[in-house]
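One structure is given here, and the rest of the page talks about it.
The values are calculated or read from the model by the stated rules, or taken from the named source; none is laboratory data. Just so you know, these numbers come straight off a predicted model, no measurement behind them. FYI the Cβ positions are ideal-geometry reconstructions off the backbone, even for glycines, and counts take in every protein chain you see.
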Amino acid sequence: MKTILRGTSREVVIDTGGPVVIIGECINPTRRKKLVTTLQEGNFDYVLELAESQIKAFAEVLDVNVGFPGVDDVKLLPETVLAIKARFDIPLCLDSPNPGAIEAALKVAGGKCLINSVNGEEKSMSALIPIAKEYGAAIIALAMDDEGITSDPEKRLKVAAKILERAVKAGIREEDVIVDPLAMAVSADPRACLVTLETIKLVHRKLGLNITQGASNISFGLPEREVLNAVHMTLSILNGLTCPIANPEKIAVTVRAADLILGRDDYAIRYVEIAQ
Ligand code: THG
């Protein structure tokens, strides 16, 4: 199954058969104080620097999150989208809990964006699915709902299937639903990664959809985070992960190594392109 996203003119194909597409995570105020201060000044230079460095590091889609306390993201998210689009032709993944900000950004974005994210709560589905349909966007379906985050992979699958069903009923194509099985910190729960990996396997087998995850989440609070992230990434790709939200500067070599080892990189062209 193929999910097609578009920047201004460039198309990015996310295929359930691989190779893996990295959604760059770095335009996110979490732990990036400079992003907050520059955006508060209405200065987009640092956002553009983060966009450029991630594209150079082989991100093919950019997650854009400008959420911080006190922000008017209905205004700031579209402004940030316009600043990025004026310089780079790359599809965007609009990351906000505020449907108003998502819609305002979609109005100016053009191309074909990814909405990050819709969860299984009625409120989220009824707010965002019509917006996705209206603007022709794809959605990330988060495997959580009113009951929170379950640690049962079968139940996570059910939540994803529920969001998929609602989206398809609203006229969204099945391939435009990308599932996020939810990656949680393994320091807080020793089975957290196992549950995620099992959910990826189930979603891949039973729904056949593309799969994303916030892949840096798993290593919070532990040493050697890059090693943990790389091992979890590799196992996730083996199970069906196709478009992680991650830091490309740290993970791209691992991702391309996994694709090569899984027979998705003829003559090692994509691996050699970045492993120098
Ligand atoms: N699922 C979906 N969307 C998501 C998440 C998810 N969006 C947000 C988040 N989780 C993924 N994005 C980030 C962005 C930045 C950081 C982590 C996850 C981050 N990481 C380093 C840290 O924590 O120390 C710092 C920066 C770095 O090492 O480069 O800042 O799960 N759908």
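Would you check if K107 is of a type in the set (K, R) and either over 27 Å from K133 (Cβ atoms) or crowded, with 21+ Cβ neighbours inside 10 Å (or both)?
no
If I84 meets every condition in (1) touching a helix residue (DSSP H, G or I) at 6+ places or on another chain (Cβ under 6 Å); (2) under 30 Å from L262 (Cα atoms); (3) among the hydrophobic types (A, V, I, L, M, F, W, C) apart from one, which number is that one?
(2)
In the list K56, K112, K33, which residue meets the criterion of being touching a residue at least 12 places away in the same chain (Cβ under 8 Å) and among the basic types (K, R)?
On the way: K56 fails: touching a residue at least 12 places away in the same chain (Cβ under 8 Å); K33 fails: touching a residue at least 12 places away in the same chain (Cβ under 8 Å).
One residue alone meets the criteria, K112.
Mind listing whichever residues of the range 34-52 are closer than 15 Å to N65 by Cβ and either within 11 Å of the ligand (Cβ to nearest atom) or among the β-branched types (V, I, T) (or both)?
L35, V36, T38, V47, L50, listed by residue number.
If we scan the range 129-136, do we find a residue that is within 19 Å of I14 (Cα to Cα) and touching a residue at least 40 places away in the same chain (Cβ under 8 Å)?
Yes, some residue in the range 129-136 is within 19 Å of I14 (Cα to Cα) and touching a residue at least 40 places away in the same chain (Cβ under 8 Å).
Go over the candidates R191, R205, R156, R173 one by one and state the one that is within 19 Å of K123 (Cα to Cα), modelled with pLDDT of 95 or more and not β-branched (V, I, T). Before you say what the answer is, go through the steps one by one.
On the way: R191 fails: within 19 Å of K123 (Cα to Cα); R205 fails: within 19 Å of K123 (Cα to Cα); R173 fails: within 19 Å of K123 (Cα to Cα).
After applying the criteria, what remains is R156.
Given the structure, is A258 in contact with a His (Cβ under 8 Å, 6 or more places away or on another chain) and either under 20 Å from C93 (Cα atoms) or buried (at least 23 other Cβ atoms within 10 Å of the Cβ) (or both)? Working first, answer last.
Details: in contact with a His (Cβ under 8 Å, 6 or more places away or on another chain): no; either under 20 Å from C93 (Cα atoms) or buried (at least 23 other Cβ atoms within 10 Å of the Cβ) (or both): yes.
No.
Quick grid of which residues meet (1) buried (at least 18 other Cβ atoms within 10 Å of the Cβ); (2) in a helix (DSSP H, G or I); (3) over 14 Å from the mean Cα position of the chain (by Cα); (4) in contact (Cβ under 8 Å) with a residue 60 or more places away in the chain:
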{"position": "T8", "(1), (2), (3), (4)": "no, no, yes, yes"}
{"position": "V12", "(1), (2), (3), (4)": "yes, no, no, yes"}
{"position": "G18", "(1), (2), (3), (4)": "yes, no, yes, yes"}
{"position": "C26", "(1), (2), (3), (4)": "yes, no, no, yes"}
{"position": "P29", "(1), (2), (3), (4)": "no, no, yes, no"}
{"position": "T38", "(1), (2), (3), (4)": "no, yes, yes, no"}
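Tally the residues that are more than 16 Å from the ligand (Cβ to nearest atom), in a helix (DSSP H, G or I) and either crowded, with 20+ Cβ neighbours inside 10 Å or over 20 Å from the mean Cα position of the chain (by Cα) (or both), restricting the search to the range 132-157.
So the count comes out to 5.
Every residue, every condition in (1) within 14 Å of the ligand (Cβ to nearest atom); (2) of a type in the set (S, T, N, Q); (3) part of a loop (DSSP other than H, G, I, E, B); (4) surrounded by fewer than 20 Cβ atoms within 10 Å (Cβ to Cβ), yes or no:
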residue: A167; (1), (2), (3), (4): no, no, no, no
residue: E175; (1), (2), (3), (4): no, no, no, yes
residue: I178; (1), (2), (3), (4): yes, no, no, no
residue: H204; (1), (2), (3), (4): no, no, no, yes
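Can you report the number of residues in the range 223-245 which are more than 8 Å from the ligand (Cβ to nearest atom) and either under 21 Å from P29 (Cα atoms) or not aliphatic (A, V, I, L, M) (or both)?
Keep residues of the range 223-245 that are more than 8 Å from the ligand (Cβ to nearest atom), which gives 223-224, 226-244.
From what is left, the residues that are either under 21 Å from P29 (Cα atoms) or not aliphatic (A, V, I, L, M) (or both) are 223-224, 226, 229, 232, 234, 236, 239-240, 242-244.
Residues flagged as more than 8 Å from the ligand (Cβ to nearest atom) and either under 21 Å from P29 (Cα atoms) or not aliphatic (A, V, I, L, M) (or both) within the range 223-245 amount to 12.
Which residues, counting only those in the range 40-49, are surrounded by 13 or more Cβ atoms within 10 Å (Cβ to Cβ) and more than 23 Å from I251 (Cα to Cα)? Before you say what the answer is, go through the steps one by one.
Going residue by residue through the range 40-49, those that are surrounded by 13 or more Cβ atoms within 10 Å (Cβ to Cβ) are 44, 46-49.
Within the range 40-49, just F44 meets the criteria.
Looking at T196, T212, can you tell me which residue is in contact (Cβ under 8 Å) with a residue 12 or more places away in the chain, buried (at least 23 other Cβ atoms within 10 Å of the Cβ), closer than 30 Å to K133 by Cβ and in contact with an Asp or Glu (Cβ under 9 Å, 6 or more places away or on another chain)? Lay out the reasoning, then the answer.
Working: T196 fails: in contact with an Asp or Glu (Cβ under 9 Å, 6 or more places away or on another chain).
When all the criteria are applied, what remains is T212.
Out of everything in the range 217-245 that is surrounded by fewer than 23 Cβ atoms within 10 Å (Cβ to Cβ) and farther than 18 Å from A257 by Cα, what residue ends up being modelled with the lowest pLDDT?
Only one residue tops the list, namely N217.
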